[in-house]
Amino acid sequence: MVATRTALTGARDYGSVRGMSDRERPSFDESTPPPPRSRVRDFWQLDLPLVVALILCTVFTVVEVQRAGEGVWRAWVYMVEWPLIGAFCIWIWYRFKRESGGGFVRQWKQRVARYSAEREPEDPQLQAWRDYQREVRTGEKELP
């Protein structure tokens, strides 16, 4: 019996949407452009939070520099940490701006489709075992 990756890890096929026929399932074509984003929405959801986060990181960095100058040894760590947090905020902002319009979702769906296509075929004995477990759980079949 050949053990498949699905059998060993219990991974499920997330490439299909349950309860949807092929006609109802949305298509994710690379040639279709992403929907336009609203500048107002980008301002409120991306730009303004970035500005607030950077202002807070700057204020906290200045406070920790003053504390480090007073001799508080732990402030040296925070003095380095707050600029790193600010840089992380900029990186996250850049990623959201660059992948606006569902870029991340589109990439994820491509990965799932590629994984589903590369997956080994199901083992018939494994499928029979899963069917048996399902029948026992639902009470359709008695235990031996």
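The values are calculated or read from the model by the stated rules, or taken from the named source; none is laboratory data. Being a predicted model, the structure only gives us computed values, none of them experimental. Every residue, glycine among them, receives a Cβ derived from its backbone with ideal geometry; neighbour counts consider all protein chains shown.
Under the condition of being of a type in the set (A, V, I, L, M), under 29 Å from ARG39 (Cα atoms) and surrounded by 14 or more Cβ atoms within 10 Å (Cβ to Cβ), the residues counted in the range 49-89 number 5. The criterion of at least 1 residues that are at pLDDT 90 or above, more than 30 Å from GLN133 (Cβ to Cβ) and hydrophobic (A, V, I, L, M, F, W, C) is met by the following helices (runs of 4 or more DSSP H) wholly inside the range 1-98: 48-69, 75-98.
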